[in-house]
Amino acid sequence: MARWNLGSLAVTALVILPVSPAATGAEPAAVFQAGFAERDITPEIGMEVPGGYSKSFCREIHDPCKVRAAVFVGGTKRIALVSVDGGFVFRPEVEKARAEIQRRCGIPPEAVLIAATHSHSSGPLGIVQPGEYDHASAEVQKLAYEKSSCADPEYLKRVLEQTVAAVCEADKARVAARSGVGKGCADGVAFNRRLRMQGGSTYTHPGQGNPDSLDYAGPTDPEVGVLGTWNEEGKLIGCVVHFACHATTSPRGISANYVYYLEKAIRGFYGEQVIVLFFPGYSGDVTQVDNLSPYANPDGDRWAQIVGGSIGVEAVKALLAMHPAALTPLDSRSRILEIPRRTPATQRVEQAYEVVRKDPKQTDPTTWAFAKEIVLLDALIARSPKAEVEVQAMQIGPAVFLTSPGEMFCQYQLEQKEKSPFECTFCVSVANGFNGYVPTVEAFSRTGGGYETRLTSCSNLEVGAGKKIVAAGLELAGMFKPGEIPQPPKAPPFRQPWSYGNVPPELE
């Protein structure tokens, strides 16, 4: 049972495998080492902004988007973590980055895990990938490339280059280090966006003040997981922060979303030299929106400050309470699952074609957008009826990171933490690929439904996919032996009480 007395480290790129001296040109590290680095990936004005099923474009910049990397070495093993300020990372780009990282600095592909922060106000990394529908008809290609949210080939190239550069720079910057783990609690900033309604149905974002809303349809996890690293001089050089909440606060313009203010909170206390990686937990049904609140929502920037600042403050508190040491052992396992896609009925596909062949103005935008998605999904299934889903389990001492490329529902995070043999279990979503929403089985029942269960070109895994991913992660975690959690020094043996306090009450 995971008792969790440290934090949760939402991964982004985490890996660990033996490092050959021949690959690096150096002897294996005899001590625990760590290095951090970051690179800018802010998109240009006019590029697409992800997060929806139609095109939207950037008109201004609020704050920079970054790729951040951390490399840890313990004995002969090395792990690399990479966090990308983006809505998604897709498997082909992950594989390219891994191969180039191996070529340039010797870290093997199996030892690199890359995940997105899932910022909905970032650059054009998806949804539709270059060439993804080249096999389909001209009609389908037009819907994919001209009517959908698309990755920009030049931006993909830039993010790939900066990801590789950040990992290699972090590897080169490694120093003797000590790390610690901890947790905080950012309660009241994240809410389940699916609500139970009168009549037994489930509705995603039914809206504030809706008289039919009864209660939240699922849980949240307020824990803030933190892994901090200090150099020999006692300066914090980097940290990884994990929290389960969609990055949809969306300040005006391009932004890392609430991650920007999370970073500001930590750097405000520890200094601008600290590299802050953020990894999202299983939050497919969790956002900052409280549909049961009677109060008006703040604007995007204020909302980002509230969410990011609250998480950042909890991270600082956790860092202050740590007792860092060499976190060992390091280890990793991964598994590729072939998961069938849900297939739309033939009649539904035919009806979808009828809708998309009409002027969008002849129907409502939602009907047209999801008809387009059914057409794209039908073309995708013709080429790939099953999805390749990578599940990884990564160990850094007393912590294990269990990953999924899908937007898992929060209930799965709570289940994995409960059943994990590690006291510190970090569940990381949107890692090493992207497979859309992964709802619970209950969400597909008669009383389920909602936005996340819709069939789309990116959200289409079979009903039982979440259970398979959870089980695979737990099986991999069971192959590790948890390290010890660093503790403060023991108090000296008792000698005598404080003489000032060892007296009875004095009334006269």
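A few notes on this one:
- Scanning the stretch 429-465 for residues that are in contact with a Pro (Cβ under 7 Å, 6 or more places away or on another chain), touching a residue at least 24 places away in the same chain (Cβ under 8 Å) and closer than 20 Å to Thr287 by Cα turns up Ser429, Val430, Ala431, Phe434, Asn435, Glu452.
- Filtering the stretch 280-321 to residues that are in a loop (DSSP other than H, G, I, E, B) and either of a type in the set (Lys, Arg) or at pLDDT below 95 (or both) leaves nothing.
- Within the stretch 62-88, considering residues that are of a type in the set (D, E, K, R) and part of a loop (DSSP other than H, G, I, E, B), the one surrounded by the most Cβ atoms within 10 Å (Cβ to Cβ): Asp85
- Single match in Leu320, Leu330 (criterion: on the phi < 0 side of the Ramachandran plot and surrounded by 14 or more Cβ atoms within 10 Å (Cβ to Cβ)): Leu330
- With respect to (1) under 11 Å from the mean Cα position of the chain (by Cα); (2) surrounded by fewer than 24 Cβ atoms within 10 Å (Cβ to Cβ), the lone exception for Val430 is condition (2).
- Filter pass, Glu462 being among the charged types (D, E, K, R), farther than 26 Å from Phe278 by Cα and in contact with a Lys or Arg (Cβ under 9 Å, 6 or more places away or on another chain): yes
- Comparison of Gly300, Gly253, Gly284 shows that the only residue that is of a type outside the set (Asp, Glu), out of contact with any Gly (no Cβ under 6 Å at 6 or more places or on another chain) and farther than 22 Å from Pro222 by Cα is Gly253.
- Residue match in the stretch 390-397 (condition: under 30 Å from Ala244 (Cα atoms) and surrounded by fewer than 22 Cβ atoms within 10 Å (Cβ to Cβ)): yes
- Note on the stretch 407-428: residues that are at pLDDT 95 or above and within 19 Å of Val89 (Cβ to Cβ) amount to 4.
- Subset of the stretch 338-358 (residues that are in contact with a strand residue (DSSP E or B) (Cβ under 8 Å, 6 or more places away or on another chain), surrounded by fewer than 17 Cβ atoms within 10 Å (Cβ to Cβ) and not in a loop (DSSP other than H, G, I, E, B)): Glu338, Pro340
- Of all the residues in the stretch 203-244, those that are over 21 Å from Pro294 (Cβ atoms), under 25 Å from the mean Cα position of the chain (by Cα) and in a strand (DSSP E or B) number 16.
- Members of the stretch 456-484 that are surrounded by fewer than 18 Cβ atoms within 10 Å (Cβ to Cβ) and among the aliphatic types (A, V, I, L, M): Val463, Ala471, Met479
The values are calculated or read from the model by the stated rules, or taken from the named source; none is laboratory data. Everything numeric here is computed off the predicted structure, so don't read it as measured data. Quick reminder, even Gly has a Cβ in these numbers, built from the backbone with ideal geometry, and neighbours come from all protein chains shown.
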